[in-house]
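Engineer: Next up is a structure, given as structure tokens.
The values are calculated or read from the model by the stated rules, or taken from the named source; none is laboratory data. None of the values given here were measured: they were computed from a predicted structure. All Cβ positions, even for glycine, are placed from backbone atoms using ideal geometry, and neighbour counts span all protein chains on display.
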Amino acid sequence: MYSGSGFSSWEIGDVDVFIDENGVHHLFHLIIPNHDYIAHAVSRDGLSWRRVKNALFVGDPGQWDDDMLWTMHVSKNSEGEGYEMYYTGLKRRDKGIMQKVGRAVSPDLIHWTKENDYGLPLKSQAPYYESSANNPREWISFRDPYKYHFEGEDYLLICARSAVGPIYRRGCIGVAKRGENGFVLQKPLHVPYVYDDVECPCVVEIKGMHYLLGSIREDIKVRYWFSPDFKGEYHAFHNNVLMPQGNYAARIVKEGDYYLIYNFYFVGGNVNTHRVIPPPKQLDVDTSGRLLLKTYHRWESIYQRTILQKNLPIPLPILCNPSANFVLEHESKWRFGCRSGYEVFCFEKPSNDFVWEGTLAVEGMGKTGFVIECDEEGTAYYISIDFVNGYVQFRAWGFNEKDVKNNFIFENIQANQFEIVDTKEIYFKIIRHGNYYELSINEVVKLTLLDFKYSDGKIGVYVCSAIVSLQDSKIHVIPEPENEYATSDPDKAFDEYLRKAH
């Protein structure tokens, strides 16, 4: 994980990741609220990061980008050796009204030079997009470029605004094509006719289908659309949410045979709270052509040891509910029951950081799920799994000592849906890595979030008016997240990166 916290705990802005020929992950991100430079960090595994030389700074007074720098995209240079970065710039004289897209180049991803060839910087213009003469909001969205190389030609996808339509529904994914004399705006690649903006667009082709991603400010989710043709008409499935609420500014990068998705997470769902870049997820496609999130394959590379269920401590009830019971059916199968009310069965976790996987099954119509960081009174994170309706929630639930009139905390942090199976059985995987939590159900990631309310306690299963079994589970111990600021010096990190890369 990565957090750029300095004076502020929420200074990370939009992100972009490029993986070089040596397998090094390069993270570029904005610094907010000033937006005065684009930061750069590197990683060997996508899990632990080190800051290196900052990539770009705002221009000198009078230059087109002398006010702020916004979202960028880094790729190989299509016209020669090295790399190029398309980025958003604002000019002080425009007072933030006019966003433009420019370019920088680099021979090594470390040293960047601004070079605005190809008619750049590019700005929003009629007839397809809002312009100075058609500016109903008094500021024009034209940002977050993403270069896509398709059939030998370069295109820029842009968070833009259609020239027509209701003011709050003009958000679209604009596109410009590079020609001999520079980039030329074309009609929007996709207009949803529903959002104010479609931020941080990107596109990827998987198994012959093009998938178009965008981050939506209205509900702080990442959504997607699909088309067999890059330039074709894009469609949505009945549920086109790719990443649940709190995840934002997602971008895709290819690592070998894997498609990784990076983003930042708003802790608490508020833009002015702690922002963290969580571990990446992998993209996959199901038999219906829908995008799926899978657990990042590199987690297995950091397993330190594995403890089978038969070697775990026996879970004990903490609420003393007389209608509850526990049965050890055999060494790899536990059965929990509770006829009336709740009971929470917990055991000491073998490590603060772990991956816990296994099979959970339920009988009847009652409630069940997992608890993490649970104390002796049941204060914990609760992962509620509704086997009947296919609904999963991550919530903080416990005692609130600060308010005697409302001495409880009950906060739903994130929710999602999952496919129901007739057996009422799931294969689960829970990752706890520092304050990052991830839940997969039947190999599909459904919850991915960070929270800082609880940091210590037991783990286990809760049950209400049901019988639940936990079978063939195991816990993989993983190391705690590395703290970049506590363990490294930026100059040393830069030297170490160069040593490994060359």
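Engineer: As an exercise: evaluate G165 against (1) outside any strand (DSSP E or B); (2) more than 24 Å from the chain's Cα centre (by Cα); (3) at pLDDT 95 or above and give the number of the one condition it does not meet.
Structural biologist: Checking G165 against (1) outside any strand (DSSP E or B); (2) more than 24 Å from the chain's Cα centre (by Cα); (3) at pLDDT 95 or above, the one that fails is (3).
Engineer: Note down all Cβ pairs under 7 Å where the first residue falls in the range 209-225 and is farther than 24 Å from S288 by Cα, the second is assigned to a strand (DSSP E or B) and of a type outside the set (D, E, K, R), and they're at least six residues apart or on different chains.
Structural biologist: I220/Y248; I220/F266
Engineer: For the range 168-194, name all the residues that are part of a loop (DSSP other than H, G, I, E, B) and farther than 27 Å from F264 by Cβ.
Structural biologist: Residues satisfying the conditions are E180, N181, Y193.
Engineer: Any residue at all in the range 83-91 that's over 30 Å from E482 (Cα atoms) and more than 28 Å from the chain's Cα centre (by Cα)?
Structural biologist: Scanning the range 83-91, I find at least one residue that is over 30 Å from E482 (Cα atoms) and more than 28 Å from the chain's Cα centre (by Cα), so the answer is yes.
Engineer: Quick one: which of V463, V445 is in a strand (DSSP E or B), among the aliphatic types (A, V, I, L, M), outside the structural domain of P278 (by TED's automatic domain parsing) and touching a Cys at 6+ places or on another chain (Cβ under 7 Å)?
Structural biologist: Within the list V463, V445, the selection yields V463.
Engineer: Please pick out the residue among K474, K446, K458 that is at pLDDT 95 or above, in contact with a helix residue (DSSP H, G or I) (Cβ under 8 Å, 6 or more places away or on another chain), basic (K, R) and surrounded by 13 or more Cβ atoms within 10 Å (Cβ to Cβ).
Structural biologist: Just one listed residue meets the conditions, K474.
Engineer: Please tell me if K349 is surrounded by fewer than 18 Cβ atoms within 10 Å (Cβ to Cβ) and either on the phi < 0 side of the Ramachandran plot or in a strand (DSSP E or B) (or both).
Structural biologist: Against the criterion (surrounded by fewer than 18 Cβ atoms within 10 Å (Cβ to Cβ) and either on the phi < 0 side of the Ramachandran plot or in a strand (DSSP E or B) (or both)), K349 does not qualify.
Engineer: Of the residues that sit in the range 20-60 and are among the aliphatic types (A, V, I, L, M) and not in a loop (DSSP other than H, G, I, E, B), which one is surrounded by the fewest Cβ atoms within 10 Å (Cβ to Cβ)?
Structural biologist: I31
Engineer: Please specify each residue of the range 231-250 satisfying the condition of being touching an Asp or Glu at 6+ places or on another chain (Cβ under 9 Å) and either among the aliphatic types (A, V, I, L, M) or assigned to a loop (DSSP other than H, G, I, E, B) (or both).
Structural biologist: V241, Q245, A249, listed by residue number.
Engineer: May I ask you to verify whether N435 is at pLDDT below 95, more than 17 Å from L292 (Cα to Cα) and surrounded by 17 or more Cβ atoms within 10 Å (Cβ to Cβ)?
Structural biologist: Yes; evaluated as a whole, the condition is true for this residue.
Engineer: Could you please let me know if N325 is among the polar types (S, T, N, Q) and surrounded by fewer than 13 Cβ atoms within 10 Å (Cβ to Cβ)?
Structural biologist: No, not satisfied.
Condition check ((1) modelled with pLDDT under 95; (2) hydrophobic (A, V, I, L, M, F, W, C); (3) touching a Ser or Thr at 6+ places or on another chain (Cβ under 6 Å)) across all residues:
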| position | (1), (2), (3) |
| --- | --- |
| H297 | no, no, no |
| Q304 | no, no, no |
| I307 | no, yes, no |
| F336 | no, yes, no |
| Y342 | no, no, no |
| S351 | no, no, no |
| G358 | no, no, yes |
| C374 | no, yes, no |
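Engineer: I'm trying to understand the selection: among the residues of the range 195-230, which are in a loop (DSSP other than H, G, I, E, B), among the acidic types (D, E) and under 25 Å from I167 (Cα atoms)?
Structural biologist: D196, D197, E218, D219 - these are the residues of the range 195-230 that are in a loop (DSSP other than H, G, I, E, B), among the acidic types (D, E) and under 25 Å from I167 (Cα atoms).
Engineer: Listed residues D108, D144, D117; which is modelled with pLDDT of 95 or more, of a type in the set (D, E), assigned by TED's automatic domain parsing to the domain that holds S75 and not in a strand (DSSP E or B)?
Structural biologist: D108
Engineer: While we're on this one: I need a count of the residues in the range 397-432 that are assigned to a loop (DSSP other than H, G, I, E, B) and either at pLDDT 95 or above or crowded, with 17+ Cβ neighbours inside 10 Å (or both).
Structural biologist: Looking only at that region, the number is 2.
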